[in-house]
1. Hey, which aspartates and glutamates would be in cross-link range of residue B:252, C-alpha to C-alpha under 16 Å, not counting anything within fewer than 8 residues on its own chain?
2. Taking each residue of B:182-195 in turn, how many C-beta atoms of other protein chains fall within 10 Å of its C-beta, and what is the average?
3. Where both partners of a DSSP beta bridge lie in the range B:160-282, what percent of those bridges are antiparallel, to the nearest 5?
4. As an exercise, use a Förster radius of 60 Å and the Cβ-Cβ distance of residue B:269 and residue A:66 to find the FRET efficiency, rounded to the nearest 0.05.
5. Report relative contact order for chain B in percent, whole number only (criteria: Cα-Cα under 8 Å, sequence separation at least 6).
6. Could you point to the residue in B:197, B:114, B:162 farthest towards the positive end of the range B:113-237's charge dipole, with +1 and -1 charges on the Cβ of Lys/Arg and Asp/Glu respectively?
7. For a quick check: sort A:48, B:286 by the number of other beta carbons within 10 angstrom, fewest at the front.
8. Percent relative contact order of the range B:328-404, based on C-alpha pairs within less than 8 angstrom and at least six residues apart?
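Every read-out reported here was derived from the displayed coordinates using simple, explicitly stated rules and does not represent laboratory data. Everything numeric in this text was worked out from a predicted model, so none of it was measured. Please note: Cβ atoms are built from the backbone with ideal geometry, for glycine as well, and neighbour counts cover all protein chains shown.
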Amino acid sequence: MPTVNYVSFDGQSTQLELAEGMTIMQGAVMNGVEGIEGECSGSCACATCHCYVDDAWLAKLPEMSENEDEMLDDTASERKPNSRLSCQIKASAELDGIVIHMPEEQE
Amino acid sequence: MTGVVIVGGGHAGYQCADSLRRAGYDGEITLVDGEGHLPYQRPPLSKSHLLNDTGEEALLFRTQSYYDDHNIGLKLGHRITAIHRADKQVELDNSETLGYDKLVLATGAKLRQLDLPGAALNGVGYIKSLDDIRYIQSHLNQTEDAVIIGGGFIALEFASTAAKLGKKVTVLVRGQRILANAVTPELSQYMLDIHHQHGVDIRFGAEVDHIADDGNGNVEAVRLKDGTLLPAQLVLAGIGVTADTELAVEAKLLCHDGVVVDAQCRTNDPDIFAAGDSARYNNPFTGREIRLESVQNAVDQAKVIAQVIAGQDAGYHSVPWFWSDQYDIKLQMVGVHEGYTHFYQRGSQEDDKFSLFFFRDDRLIAIHTVNRPADHMAGRKLITAGVSPTQEQIEDVNFKLNSLVKK
C-alpha cells in the first residue's frame with residue numbers, strides 16, 4: 001500500500017499506509033491526523049482540506065480541475081504554488097512516499 | 001457513569017464527539033447509534049459512492065482506533081428507547097441504562113415511506129443509510145430500467161448516478177418542476193435540461209398508482225394513475241424525510257416539526273441539546289424558526305454544543321450552505337433565497353458556469369452557483385459579513401468578490 005507522509009504545521013510527521021484510491025484527505029481524517037478537515041466528504045466543495053504538496057511530488061500529481069483551482073482562491077491559509085485540495089489527490093503507487101504539509105488553519 | 005451521551009452517529013453526533021475532545025472536554029463520551037456501523041458519512045451515498053471503487057471504508061469518519069485513542073465510547077447497534085430526565089438517564093433497547101450530565105440528541109431524520117400497493121416488493125428502495133445503499137447496490141446488476149419517485153436532491157443525485165451507470169432512468173415528479181423547494185424556476189429549468197442531456201426522462205404531474213409484481217415478489221413495473229406503465233427492476237423513492245423527534249416528544253421536550261433549541265442548541269431542558277436534521281432553531285438570516293437538513297447545519301450546531309458543554313462561549317449563527325453533485329454539475333447554495341425581490345447573474349449558462357445572486361431589496365441574501373465554487377466561498381463570507389456587492393461587481397466575472405471581505 002502506498003505511503004503518505006503528513007507533516008503538521010508545527011513540524012510533526014505522521015506516516016500512514018493508505019489503500020490505493022483512498023484520498024489524502026480521507027487518510028488523514030479517518031486516522032485522526034490533525035490539520036485537514038474535509039467537511040464536505042471530499043466533494044471539492046468546502047476548501048477545508050487544503051494542503052501544501054512537497055515540491056518533489058508536484059509534477060506527478062493529476063492536473064487540477066477548474067473547480068479545485070477556484071476553491072483554492074478561498075482557503076483559510078495562504079495559497080501557494082504547491083497548494084492543493086487533498087480530497088482531489090488519491091494515494092497510488094506512483095505517489096508512494098508523498099510528503100504533505102499542513103497549513104496553519106482550515107477555516 | 002456520567003458524562004456526555006450522544007444519540008446518533010451521523011454528521012452531528014460524530015462531530016459533537018470529535019469537537020468535545022478538541023475543546024478539551026475530558027469527561028466520558030458515549031455515542032449510541034442504532035445502525036451497527038462505525039459512524040459514516042451519508043452525503044456520498046446518493047452521489048459518488050456507487051461510482052467509486054474505494055468501497056465502504058471510504059465513507060467512515062474515523063477508524064475504530066481513533067475512538068479508542070480519544071476515549072470515545074461507541075454503543076453501536078443499540079437504540080435508545082427512553083430518556084428519563086428526572087434521573088438524567090437514557091435507557092437502551094437491551095434495558096441497559098446510561099447516566100448523563102449532558103445529553104445530545106442527534107437523531108436526524110426518518111425516511112418518508114411510499115404508501116401505495118407494491119411498496120414492499122423486492123427492488124423498492126430508499127437512500128439514507130449504508131444498509132439502504134447496499135440494498136440498492138445488490139439490485140443494480142439486474143436493473144436495466146430504474147424508476148425514481150421524487151424531484152428533490154436525493155432523487156436527482158441518484159438519477160445522475162444511475163444514468164452514469166448506464167441505466168435507463170425515469171424520474172416521476174408530482175409537481176411541475178424539479179428541486180422546487182430548493183432553487184428558483186430558472187435553476188430548475190437549467191437542471192432539467194442537464195438531466196435531459198444525459199437521457200433521463202423526467203415526468204411532471206406524475207402520480208403513481210401502484211408498483212407491479214412480476215409474480216415472484218419482485219418489481220416489474222410502475223403504473224401511473226393516467227395508465228402509463230413504466231418497466232422497472234429498481235424503484236428508488238426519494239420523497240423526503242421528517243425530523244426524528246420520537247424520543248424528545250416522549251420525554252416531553254418542546255417539539256414542533258423538530259426539537260426546538262436556542263442559540264446554544266439547548267432544548268427547554270438545560271442539560272439536553274439537539275443538533276442536525278432534527279433540531280429546529282431561530283435562524284437569524286430568515287428571522288424565523290427553521291429546520292435544516294444539511295451537513296453544514298449538523299456540523300456547525302454540533303461544534304457549538306461541544307463548545308458550550310466544554311464551558312466556552314459559543315452560539316449558532318452560521319450562514320446556511322448546501323451542495324449537490326449531479327453529472328459534472330456542482331450546485332452550491334449559500335444563504336436562504338426565500339423572499340428575494342430580484343437577482344443578478346454572474347457567468348453564463350451556456351458555459352455551464354454561472355451564479356445567481358439573490359437580493360431582498362438592496363441586501364444580498366443568497367447565492368446559487370453552478371460550477372463556480374469561488375463565488376460560493378466568497379458568498380459565505382459576504383452574507384456572513386452583511387456585505388452586498390453591486391450589480392456591476394457581480395456581472396463583471398473578473399471582479400474578485402472576496403476582495404470585499406478579505407481579512
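1. B:87, B:91, B:244, B:269, B:271
2. Working: counts 0, 0, 0, 0, 0, 0, 0, 0, 0, 0, 0, 0, 0, 0.
Per residue, the number of nearby Cβ atoms from other chains is 0 on average.
3. Numbers: 10 of 16 bridges.
Counting only bridges with both partners in the range B:160-282, antiparallel ones make up about 60 percent.
4. FRET efficiency, residue B:269 to residue A:66: 0.75.
5. Values: 894 pairs, mean separation 57.6, N = 407.
Computed value for chain B: 14 percent relative contact order.
6. With unit charges placed on the Cβ atoms, the residue in question is B:197.
7. Values: A:48 20, B:286 14.
The order, fewest Cβ neighbours first, is B:286, A:48.
8. On the way: 145 pairs, mean separation 23.1, N = 77.
Contact order relative to length: 30 percent.
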